[in-house]
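Each remark here refers to the structure printed beneath this line.
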Amino acid sequence: MNLLVVNPILYTPENNIIPEVQTIKDTMIYGMCKGFTALGHRVTLVASEEYKPVSDSKYDFEIRFFKSNIKKIFPPTLLPFSFELYKYLKNNRRAYDLVICSETFQISTLMAATVFPHKTVIWQEMTTHQKKYCKIPSKIWHNIILPLFIKKVKVVIPRSIKAKEFISRYAPVVSAEIVDHGIDLDKFRYSATKQRQIITSSQLVQRKNIDSIIKIFSKFVRMEGYGDIKLIVAGRGEKRKELELLADELGIRQKVRFVGFLPQKELNGFIRESYLFMINTRQDLNMVSIPESIVSGTPVLTNLKPASSQYVASKMLGIAKDDWDENDIKEIVDNNSKYVNNCIHYRESLSNTYAAGEIIKISGL
């Protein structure tokens with residue numbers, strides 16, 4: 001089949017600033033598109049031009065970047081709008097068998113639902129109304145725009161239980177099945193053999209709450225028998241110097257290794273050799289780092305903010321709870337083989353080909 005994947009925002013900008021990136025081949029949606037191509041489908045991905053990478057020039061499938069317009073009203077970091085995209089959709093209304101859009105609350109989804117009403121599937125990540133402008137635009141959209149202009153889409157497929165509970169209040173046809181982000185297993189090897197280390201990886205910004213992880217780690221390494229374990233902190237951001245100073249103040253600087261931003265292959269090496277991957281975010285939805293860790297054979301210790309925390313708990317792929325502490329780190333380290341085996345057995349269920357196949361199946365094609 002000819003598939004059109006509409007995903008204007010390729011990665012999450014911080015503070016409404018879109019950074020220049022060398023590649024988009026590490027993004028979630030790129031991996032998902034590879035899943036569709038692996039199943040034999042012809043894929044075209046469309047995105048906003050503002051997210052075009054600096055270095056990439058060759059891709060595994062067709063990618064089209066469209067210029068955003070009226071940016072003051074429709075910021076590319078939140079709700080991009082493109083005249084060029086609408087023209088492209090109208091001119092190619094017969095070229096695609098299925099259109100897969102990210103999110104109900106997007107101008108591009110409205111365009112696709114208008115041009116391809118019975119060919120469009122929406123893959124829903126949002127679990128609540130966006131807080132921007134006091135949630136008012138999102139509430140207007142879901143209560144008025146969605147039932148008037150988006151109701152004829154084939155189906156809305158949630159990416160988590162929380163997303164399903166949210167969008168079921170507004171969309172007429174919501175899949176009972178949930179399809180999480182798929183991972184390119186070719187890029188993520190797994191290992192049951194671990195080094196004496198644990199890891200966290202994210203942007204080093206306020207929202208990610210890495211300072212709390214370092215503080216909890218400092219208590220953990222003071223427990224008898226665990227003083228030789230190291231903490232790997234991967235990622236870049238404005239808080240790095242502050243976090244390094246915190247490790248100094250806690251007297252554990254020699255036990256914390258800041259490795260900066262890493263390409264997927266190198267990051268996977270650190271993850272698969274670690275006892276566990278830690279998350280204590282202040283605000284996130286479906287964090288791709290959760291399935292990336294699990295397919296690497298590394299259990300996850302997370303709070304309940306990420307939507308994916310629900311299957312971490314239900315499948316015993318680690319521990320998911322708010323206010324986790326050093327005793328939870330100890331639990332996963334002490335019983336590592338049990339959690340690691342669960343992750344390895346669950347690995348195939350998180351592949352991009354599996355997720356792509358589920359979307360096709362739910363779409364009835």
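Brief remarks follow.
- Failed criterion for Arg93 (all others in (1) open to solvent by 70 Å² or more (accessible area, probe 1.4 Å); (2) under 19 Å from Phe261 (Cβ atoms); (3) touching a Phe, Trp or Tyr at 6+ places or on another chain (Cβ under 7 Å) hold): (2)
- Picking from residues in the stretch 311-323 that are within 10 Å of Leu301 (Cβ to Cβ) and without any contact (Cβ under 8 Å) to a residue 24 or more places away in the chain, the one that is nearest to the chain's Cα centre (by Cα) is Val312.
- None of Ile29, Ile9, Ile24 is in a helix (DSSP H, G or I) and under 17 Å from the mean Cα position of the chain (by Cα) except Ile29.
- Residue that is touching a residue at least 40 places away in the same chain (Cβ under 8 Å), open to solvent by 50 Å² or more (accessible area, probe 1.4 Å) and either among the polar types (S, T, N, Q) or closer than 16 Å to His181 by Cα (or both), where the choices are Asn341, Asn327, Asn336, Asn352: Asn341
- Total residues in the stretch 216-239 satisfying the condition of being in contact (Cβ under 8 Å) with a residue 60 or more places away in the chain, open to solvent by 30 Å² or more (accessible area, probe 1.4 Å) and assigned to a loop (DSSP other than H, G, I, E, B): the figure is 2.
- Matching option when the condition is over 18 Å from Cys343 (Cβ atoms), over 15 Å from the mean Cα position of the chain (by Cα), at pLDDT below 95 and not basic (Lys, Arg), among Glu242, Glu326, Glu266: Glu266
- Take the conditions (1) under 27 Å from Met1 (Cβ atoms); (2) open to solvent by 80 Å² or more (accessible area, probe 1.4 Å); Phe83 misses just one of them, which is (1).
- Checked against (1) open to solvent by 30 Å² or more (accessible area, probe 1.4 Å); (2) out of contact with any helix residue (DSSP H, G or I) (no Cβ under 8 Å at 6 or more places or on another chain), Glu242 passes all but condition (2).
- Matching entry among Ser57, Ser68 (being within 29 Å of Pro263 (Cβ to Cβ), exposed (fewer than 15 other Cβ atoms within 10 Å of the Cβ) and of a type in the set (Ser, Thr, Tyr)): Ser57
- Residue match in the stretch 206-213 (condition: within 24 Å of the chain's Cα centre (by Cα) and in a loop (DSSP other than H, G, I, E, B)): yes
- Any chance Ile279 is out of contact with any Phe, Trp or Tyr (no Cβ under 7 Å at 6 or more places or on another chain), free of Cβ contacts under 8 Å to residues at least 40 places away in the same chain and hydrophobic (A, V, I, L, M, F, W, C): no
- For the stretch 127-167, the candidate set comprises residues that are open to solvent by less than 40 Å² (accessible area, probe 1.4 Å) and of a type in the set (Phe, Trp, Tyr); within that set, the residue that is farthest from Gln106 (Cα to Cα) is Phe166.
- Any hit, the stretch 169-178, residues being under 17 Å from Val312 (Cβ atoms), out of contact with any His (no Cβ under 8 Å at 6 or more places or on another chain) and buried (at least 16 other Cβ atoms within 10 Å of the Cβ): yes
The values are calculated or read from the model by the stated rules, or taken from the named source; none is laboratory data. This is a predicted model, so every value here is computed, not measured. Note that each Cβ is placed from the backbone with ideal geometry, even for glycine, and that neighbours are counted across all protein chains shown. Calculation scope for accessible area: heavy atoms of the full protein, side chains included, ligands and nucleic acids excluded. Shrake-Rupley method; radii C 1.70, N 1.55, O 1.52, S 1.80 Å.
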